[in-house]
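Please treat every number below as a calculation from the coordinates, not as lab data. A quick note: this is a predicted structure, and the numbers were derived from the prediction, not measured. Methodologically, a virtual Cβ is constructed for each residue, glycine included, from the backbone with ideal geometry; neighbour enumeration extends over all protein chains shown.
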Amino acid sequence: MTTHHTWLEQAQKLALLLLAVISLSACAEQFGIGGDSWKEEVLLHDGQKIVVERYQTYGGRHEIGQSPPVKEFTIVFRLPGSGKRITWTSEYGAGRTDFELAALHIMNDTPYLVTLPNLCLSYNKWGRPIPPYVFFKYEDSVWKRIALAEFPTEFKSINMVINNDGEAYALKTQSLVSAQQIKELNDKLRQPEYKTILREPVNYDPSCIPMVTNGKGLWLSRERFSTRPTLEACQVECKTKKFDDNTCPCNNIFEGK
């Protein structure tokens, strides 16, 4: 009896341990625990090179059986002139990181970033920019979004690894990803906005329709509201879908009609 009782206790402990491991794995997937890191050699517009450290975690929405997407990533680098340490972390939204990082450039000890919205919801969230970039400038110790017109024309090259999901394992095994390797990896991509920093209009994914959000996680097509016969009918739809006065697009849609 004692032997049987001891075996039963051990079996219960083992079962609890397995449940704990499964629970930790689920939490790691959901909240982005763990991740990858590597260093990239970034070639600047003036021929200088700097080393950028990249860190990314995984989590958020994904199909069963698929790996979770990049949830958040951070870059760390030092300015070549002053040696000041700078960091930037991507925003998190709609189950994944908001951005893909395309380029880092520096002029007069001021860094600039070129990012691309990560999929359709992010593209809508950031105002459907044309060309499809979101630019940032580091000023007064804060990263600020700037317009294309404020982005120096001297900056032309895409100089960081884009779409690194499938490359992360190979990247993190290297002590440093060279500027030449970065170019070779990005050369495999077909989209023109991944080849060089565009300044002219370019067609984004035609399947990405204009969308609006109620600010509470719900995104709907703008057409859902614009096809309503009257302003009042449009406002009823806003109320039904919990859009408030600040997020309801009806006044803007029916202005001048």
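Tabulated values for the structure
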{"read-out": "Long-range HN-HN contacts of residue 98 with modeled amide H, under 5 Å", "value": "91, 92, 93"}
{"read-out": "Calculated from backbone phi, Karplus (6.51, -1.76, 1.60) coupling profile of the range 227-242 in Hz, x at Gly/Pro", "value": "8, 5, x, 9, 4, 4, 5, 5, 5, 4, 5, 4, 5, 4, 9, 6"}
{"read-out": "Vicinal HN-Hα couplings computed from phi for the range 74-85 (Karplus, 6.51 cos²θ - 1.76 cosθ + 1.60; Hz; Gly/Pro x)", "value": "9, 10, 9, 7, 10, 5, x, x, 8, x, 5, 8"}
{"read-out": "Charge context of residue 231, other residues only, Cβ under 14 angstrom, K/R +1, D/E -1", "value": "-1"}
{"read-out": "In the range 121-192, trypsin sites (Lys or Arg not before Pro) in a DSSP loop with at most 13 other beta-carbon atoms within 10 Å", "value": "188, 190"}
{"read-out": "Per-residue ³J(HN,Hα) for the range 216-221, Karplus 6.51 cos²θ - 1.76 cosθ + 1.60, θ = phi - 60°, Hz, x for Gly and Pro", "value": "10, x, 9, 10, 10, 5"}
{"read-out": "Length gained when the stretch residue 84-residue 232 is fully extended (0.36 nm per residue, less Cα-Cα span)", "value": "47.8 nm"}
{"read-out": "Computed FRET value (nearest 0.05) for residue 224 with residue 110, which takes r as the C-beta separation and R₀ as 41 Å", "value": "0.45"}
{"read-out": "FRET efficiency estimate (nearest 0.05) - Cβ-Cβ, residue 246 to residue 196, R0 25 angstrom", "value": "0.10"}
